[in-house]
């Protein structure tokens, strides 16, 4: 099914190349030191951040997230986590652009439901149109619906990011068939965003032909986040190499010996 | 006194205050933040020239950890 768009080489998003295909979030860590150590171990170049009200009266000398993860070292991808309307999402990303000195690359997510954190696709489409018209480069979290993913691409989003399963659930890739259809039709990078639980999930996403994987909880809530970050780096690399190499054809219900069938010792 | 609402909480500050002066009062100088005044972003270049008035609603945001 998948049209074998197999290419070695870097991930290219909005004309910029990245050697790492693993994108990571910065939430849910114990402290900034653990955040930084895990992100270094992941090798990620693009890291997501949330935009929130400043804690007025916070100790002035306290370091902030962007002191620990400076934009000079990482591509910062501000998100709209927690936004349930297109208006709130657009407003949040305009603030992010001001905060990051005109930075255009953003992650749009508009949620529909607090229990599942499933995306609200009608509001996501409205926000995507407005942001693209306003000059943003939009990477967009979406349902694993090929029609919606294509619609977002046609609006001008620079990457589509379907969920593998619910945000923070760690349930892995529940519908590889839908991802396959999205990959087959997409002309922009497709990244799995949300639902990755462990290294094999990331490898499977990459073996399917995804251009990258975005995760947060799978690393931050692992027993040893720094070691899991390293595992995810290897899984994404291994999955990508397996995809580019091209897997052997599956033979159903029939074994095929790997050793010669001739020259076996006699009775 | 000016009666402002900053991040959803009431706050009183001295009259004749600009956004730039408010930033100093909040000890945000040198930090990465963004300010919205009554729903519109105030770019950094306009902080010094933007005067506040009673009833103004401000949002002051920063980047935090998130996925």
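Provide, as a two-decimal number, the C-alpha radius of gyration of segment A:17-170 over 2.2 N^0.38 Å, N being how many residues it has.
Numbers: Rg = 15.6 Å, N = 154, 2.2 N^0.38 = 14.9 Å.
Dividing the Cα radius of gyration by 2.2 N^0.38 Å gives 1.04.
Tell me, what is the percent relative contact order of segment A:184-232, built from C-alpha pairs under 8 Å that lie six or more residues apart? Write out the running numbers ahead of the final one.
On the way: 43 pairs, mean separation 18.6, N = 49.
RCO, segment A:184-232: 38 percent.
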Per the Cauchy relation, a quarter of the hull surface: what is the mean projected area of the convex hull of the alpha carbons in segment A:18-89, in nm²? 6.2
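Given the -39500 (n - 2.57) contribution per DSSP H run of 4+ residues, what per-residue ellipticity at 222 nm results for chain A, rounded to the nearest 500 deg cm²/dmol? Present the calculation step by step, with values, prior to reporting the outcome.
Working: 9 runs with 96 residues, N = 267.
After summing the helix terms and dividing by the residues of chain A, the value is -11000 deg cm²/dmol.
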Just to confirm the number: angle between the C-alpha axis of helix A:176-185 and the first principal axis of chain A, 0 to 90 degrees, nearest 10? 80
Using only the Cα atoms of segment A:126-183, construct the convex hull and provide its projected area averaged over every direction, in square nanometres to one decimal. 4.0
Can you compute the radius of gyration and Dmax for chain B, using only the Cα atoms, both in Å? 11.7, 41
On a 0 to 90° scale, report how tilted helix A:86-99 is relative to the longest principal axis of chain A, with both axes built from alpha carbons and the result rounded to the nearest 10. 80
Rounded to the nearest 5, the percent of antiparallel DSSP beta bridges in the protein assembly as shown equals 45
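For chain A, what relative contact order do you get, as a whole percent, if you take Cα pairs closer than 8 Å and at least 6 residues apart? Intermediate values should be presented prior to the final figure.
Details: 488 pairs, mean separation 51.9, N = 267.
That works out to 19 percent.
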Folded to 0 to 90 degrees: helix A:121-133 orientation relative to chain A principal axis, Cα: 70
Sorting check: for A:188-201, A:16-29, A:208-221, which peptide has the highest mean count of neighbouring beta carbons within 10 Å, and how do the rest follow? A:208-221, A:188-201, A:16-29
Between segment A:131-166 and segment A:243-267, how many Å separate their Cα centres? 42
Cα-only radius of gyration and Dmax that characterise the protein assembly as shown, units Å: 23.1, 105
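Quick note: the coordinates plus some simple rules give every number you see, no bench work behind them. For clarity, every value in this text was computed on a predicted model and none was experimentally measured. FYI the Cβ positions are ideal-geometry reconstructions off the backbone, even for glycines, and counts take in every protein chain you see.
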